[in-house]
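The values are calculated or read from the model by the stated rules, or taken from the named source; none is laboratory data. Computed from a predicted structure; not experimentally measured. As a convention, Cβ positions derive from the backbone with ideal geometry for all residues, glycine included, and neighbour counts pool all protein chains shown. Accessible surface areas use protein heavy atoms only, side chains included; no ligands, DNA or RNA. Shrake-Rupley method; radii C 1.70, N 1.55, O 1.52, S 1.80 Å.
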Amino acid sequence: MTDKNNSDASNQMWGGRFASGPDAIMEEINASIDFDRTLFRQDVRGSLAHANMLANTGIITSEDRDKIAQGLNTILGEIENGTFIFSRRLEDIHMNIEARLSELIGPAAGRLHTARSRNDQVAVDFRLWAKEELQRTETALTGLIGAFLDQAEVHADTVMPGFTHLQTAQPVTFGHHCMAYVEMFGRDRSRVRDCIERMDESPLGAAALAGTGFAIDRHQTAESLDFREPTRNSIDSVSDRDFALEFLSLAAICATHLSRLAEEIVIWSTPQFNFVRLSDSFSTGSSIMPQKKNPDAAELVRAKTGRINGALVALLTVMKALPLAYSKDMQEDKEQVFDAAASLELALAAMTGMLRDLTVNGAAMRAAAGSGYSTATDLADWLVREAGLPFRQAHHVTGRAVALAEEKGLDLAALDLADLQAIDAKITAAVFDVLTVDASVRSRTSFGGTAPDQVRRQIAFWRSRL
């Protein structure tokens, strides 16, 4: 009776989910198999490379190596076809695979872990996964940049308003605006490549933290796993998660770029702007308002940025106070990275699809391009170039012209020459050649400017670069 009451009290104290008391809680907090099973392919690949190296160096026999390889390939097939039984009691993907390997091939399985620790095992698995994910990210970014280049080519001459403070500033072309994102996502692509270059080292063979006394060949395993070389410090090898932090950093920057683009698509697709239209493939309706067509795909891409930024902050916080070398805290390094990678991959795919799906309303863009006295800077530049005024004086004269146009309810190009000459007598009829949006755009011929020929020049550069 007493034992039962104590047991009931214990269960009540620990909560209904943990029926066995403290041991169940420890199993719950300690197990990582629910998420690190994602690494099963990398774990098998790393183990195959390790077993082959052990045989080549004479540490295990070739017969044991062959048994291990056969067993690992069997396990790989079981996981891929969904027949493998994962056990939370075995904590992680490494122990689940090792236990099944022992069932399949017996004592030879125990030799696989010679000269290896779970510390360097998980480090190499995670690096392999991150490298593969970065390569997928690079491919996705290349596809997105290609979609922008296609739009830019079609719309190199399509005039639209350029904005600062979301106020009309100067006329640009939609092609030029697209090329701004090509530059942004091009930098993201270069960050991906830099990250791959920095992380392209194999930690396998570092063992727990101090290396091993066995005569292993770390260069062989590095080469077989397609790493450039092995890591050079065994302590850093098992405690480093810079590659994961760097992945999350570049993912956060890329997601921010995607979010800015998504915001513009949301704004541009409103009836008030009417610059672009998304098809039904990337829009949804309203449950109550039948006229609505919501840019939900763009809004969800915008929202994914929060998840990715949160993942970066979470892992930075996990790592910020860990003494060398390995601590169990580092088990928390994967879920956030996996989630961020999936979010970024989906956001890139969605944005590439939206961009290729986008219908541009050139007439609405052109009408808006001339609003807000967007050619005022062209007037000021003309006064400097043709009338010889210092720019500050030209700026003042232009400001008076804008005030007059606003008072009369006219565009600058609609003012009478006499009105302009009343402000400054040096103004001639030639000024009207620069006050149209087309003339403004054509005049911006500086390198990287919005003139259509410059836009096409940058398109050609990026096509050759890709």
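Express the accessible area of the chain per residue in Å², computed with a 1.4 Å probe while the remaining protein chains stay in the model.
Values: 22290 Å² over 466 residues.
I get 48 Å² per residue for this part.
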Worksheet item: When you count, for each residue, the other Cβ atoms within 10 Å and take the mean per peptide, how do 70-78, 27-35, 237-245 rank with the highest first?
Response: 237-245, 70-78, 27-35
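For THR137, what charge total do you get from the other residues with a beta carbon under 13 Å from its beta carbon, if Lys and Arg give +1 and Asp and Glu give -1? Let's see the in-between values first.
Numbers: positive: LYS131, ARG136, ARG189, ARG191, ARG193; negative: GLU132, GLU133, GLU138, ASP188, ASP194, GLU246, GLU345.
Taking every other residue near THR137 into account, the sum is -2.
Please report the carbon-and-sulfur percent of the accessible area for the range 101-194; probe 1.4 Å, protein heavy atoms only, DNA, RNA and ligands left out.
On the way: 1630 of 3330 Å².
Answer for the range 101-194 is 49 percent, counting heavy atoms of protein chains only.
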Fill in: Rounded to 10°, Cα long-axis angle of helix 296-319 versus longest principal axis of the chain
50 degrees
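Can you give the local net charge around ARG89? Use residues other than it whose beta-carbon is closer than 12 angstrom to its beta-carbon, Lys and Arg +1, Asp and Glu -1. Show your work: numbers first, answer last.
Working: positive: ARG88; negative: ASP23, GLU27, GLU28, GLU91, ASP92.
That sum, taken over residues with Cβ under 12 Å, equals -4.
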Worksheet, complete the sentence: Highest mean packing first, using Cβ neighbours within 10 angstrom, the peptides 375-385, 327-337 sort as 375-385, 327-337
Discussion item. Give me the one-decimal nm value for the distance between modelled label points at GLN135 and ALA99, 7 Å along each residue's Cα-to-Cβ direction.
Written reply: 3.2 nm
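Net charge near ARG41, counting Lys/Arg +1 and Asp/Glu -1 over other residues with Cβ under 13 Å of its Cβ? Spell out each step's value before the answer.
Values: positive: ARG37, ARG45, LYS131; negative: ASP36, ASP43, GLU78, GLU80, ASP125, GLU132, GLU133.
Taking every other residue near ARG41 into account, the sum is -4.
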Response to the item:
Site GLU263, offset 7 angstrom along Cα→Cβ, radius 13 Å on amide nitrogen, limited to the range 154-171, gives 164-167
Discussion item. Given the -39500 (n - 2.57) contribution per DSSP H run of 4+ residues, what per-residue ellipticity at 222 nm results for the chain, rounded to the nearest 500 deg cm²/dmol?
Written reply: -20500 deg cm²/dmol
Fill in: Angle in degrees between helix 93-105 and the longest Cα principal axis of the chain, rounded to the nearest 10
40 degrees
Worksheet item: Can you work out the FRET efficiency for the pair LEU466 and GLU299, with r the C-beta to C-beta distance and R0 = 35 Å, to the nearest 0.05?
Response: 0.75
Worksheet item: Sequence-distant or interchain residues sharing an amide H contact under 5 Å with ALA169, placed H: which?
Response: GLY162, PHE163, THR164
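How would TYR326, TYR373, TYR181 rank on accessible area, largest to smallest, probe 1.4 Å?
Working: TYR326 75, TYR373 55, TYR181 15 Å².
The most accessible residue leads, giving TYR326, TYR373, TYR181.
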Discussion item. I'd like the distance between the alpha-carbon centres of the range 336-350 and the range 115-137, rounded to an integer number of Å.
Written reply: 18 Å
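Report D for the chain in µm² per second (integer): Stokes-Einstein, Kirkwood Rh on Cα pairs, 37 °C, 0.692 mPa s. Walk me through the intermediate numbers first.
Details: Rh = 26.9 Å.
Calculated translational D: 122 µm²/s.
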Response to the item:
Out of GLN454, ALA405, ILE423 - ranked by how far each Cα lies towards the positive end of the dipole of the range 362-466, with unit charges on the beta-carbon of charged residues - the top one is GLN454
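Suppose every Lys and Arg Cβ carries +1 and every Asp and Glu Cβ carries -1, with no other charges. What dipole size does the range 290-419 come out with about its Cα centre, to the nearest 20 debye?
On the way: 14 positive and 17 negative charges, 55 e Å.
Dipole of the range 290-419, to the nearest 20 debye: 260 debye.
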Worksheet entry | Degrees separating the helix 2-14 axis from the principal Cα axis of the chain, which is the longest one | 20 degrees
Discussion item. Show me, for the range 147-162, the HN-Hα J-couplings you get by feeding each phi into the Karplus relation (A = 6.51, B = -1.76, C = 1.60, θ = phi - 60°), rounded to Hz, glycine and proline as x.
Written reply: 5, 5, 4, 5, 5, 5, 5, 5, 10, 5, 9, 6, 7, 8, x, x
Worksheet item: Roughly what would the spin-label model give for ASN81 and GLU223, points 7 Å off Cα along C-beta, in nm?
Response: 3.5 nm
Worksheet entry | Distance between the range 369-417 and the range 26-68 - C-alpha centres, whole angstrom | 73 Å
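Between VAL313 and ASP66, 0.36 nm times their residue separation minus their Cα-Cα distance comes to what?
Details: separation 247, 0.36 × 247 = 88.92 nm, distance 4.41 nm.
Full extension of this stretch gives 84.5 nm more.
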Worksheet, complete the sentence: From most to least accessible, 1.4 Å probe, no ligand or DNA/RNA atoms counted, HIS165, HIS177 line up as HIS165, HIS177
Worksheet item: At a 1.4 Å probe, what is the % contribution of carbon and sulfur to the accessible area of the range 325-433?
Response: 51 percent
Worksheet item: So, in nm, how far is label THR114 from label MET26 when the simple model puts each one 7 Å beyond its Cα toward the Cβ?
Response: 3.2 nm
Worksheet item: When the Kirkwood radius is taken over all Cα pairs of the range 407-466, what Stokes-Einstein diffusion coefficient follows at 10 °C and 1.306 mPa s, in µm²/s?
Response: 114 µm²/s
